[in-house]
1. Grab the other residues whose beta carbon is less than 14 angstrom from that of Glu63, score K and R as +1, D and E as -1, and report the net.
2. Relative contact order of the chain: what whole-number percent is it, with Cα pairs under 8 angstrom and at least 6 residues apart?
3. Quick check: Cα centre of the range 18-62 to Cα centre of the range 69-130, how many Å?
4. How far is helix 2-24 tilted, in degrees, relative to the longest principal axis of the Cα atoms in the chain, given as a value from 0 to 90 rounded to the nearest 10?
5. Would you please put 163-176, 90-103, 58-71 in order of how densely packed they are, using the mean number of other Cβ atoms within 10 angstrom per residue and starting with the highest?
6. If I fit a long axis through the Cα atoms of helix 110-123 and take the longest principal axis of the Cα atoms of the chain, what angle between them do I get, 0 to 90°, rounded to 10?
7. Give me the net charge for the shell around Thr144: Cβ to Cβ below 10 angstrom, other residues only, Lys and Arg +1, Asp and Glu -1.
8. Based on a Kirkwood Rh over C-alpha pairs, give the Stokes-Einstein translational diffusion coefficient of the chain at 10 °C and viscosity 1.306 mPa s in µm²/s.
Amino acid sequence: MEEKKFVKFKQDELGIKEYVKRNLGKGRISDVTIEYTPVGEKIIVATNRPGLVIGRKGEKIDELTDVLKRKFKLDNPHIDIKEITNEALDAQLVADSVAIQLERKGSLKFKIIAYKALESIMRAGALGTEIKLSGKLPSERAKTWRFAQGYLKKTGEPSKVVNKAMAQATTPMGVVGIKVNILANVAVEIPKKKSRKKSEAKK
């Protein structure tokens, strides 16, 4: 019984997060976390557009708070806004941005969209990044395209600080899956390439 309650609790929590993201707009929300306190529920929304999320005089926050009470039966939800100052280093915002551009410009321009995203990430100070697009790009057969730049460790300690995210784009050719990995400029030791010494020729 306790296991069923826990599963139901997690499903409800996921529903709240998805509703908040959908309600506040794709491409604006990086993450939604929920903290439970003695006085109520604290909903922390990480966004690059705090003004648009809050709305005029906080009207959007008030509307969302009311829905969380009525639809999701939260006792006393309180919404906190966490501003993301460098959206180019946030994997979720980048993934959503790529998805929006694919839907607007079409999947035929996927290479231009991906390379522009790479450049933006590296200009923002990332050590390395990787973008993977999976779907019918641009042929009838599904395929995965990989775009990468810089240093990106996938195993060991450096891999733990890699910011990862996924998104989907719905195009006329079908659904395109998007994966973004970003290694920000943190305290990570980048291994130096060993130079090969030329062997002396025997006389």
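Taken together, the values in this text are just the output of simple stated rules run on the coordinates, not laboratory data. These numbers come from a predicted model, not from an experiment. Counting neighbours? That spans all protein chains shown, and the Cβs are built from the backbone with ideal geometry, glycine included.
1. Details: positive: Arg22, Arg56, Lys57, Lys60, Lys69, Arg70, Lys71; negative: Glu59, Asp62, Asp66.
So the surrounding residues net to +4.
2. Working: 317 pairs, mean separation 33.3, N = 203.
It rounds to 16 percent for the chain.
3. Cα centroid of the range 18-62 versus Cα centroid of the range 69-130: 15 Å apart.
4. The helix 2-24 is inclined about 80 degrees to the chain.
5. Details: 163-176: 16.3, 90-103: 22.9, 58-71: 14.5.
Going by the mean number of other Cβ atoms within 10 Å, highest first, we get 90-103, 163-176, 58-71.
6. Value to nearest ten degrees: 90.
7. On the way: positive: Lys132, Lys143, Arg146, Lys179; negative: none.
It works out to a net charge of +4.
8. On the way: Rh = 19.5 Å.
Result for D is 81 µm²/s.
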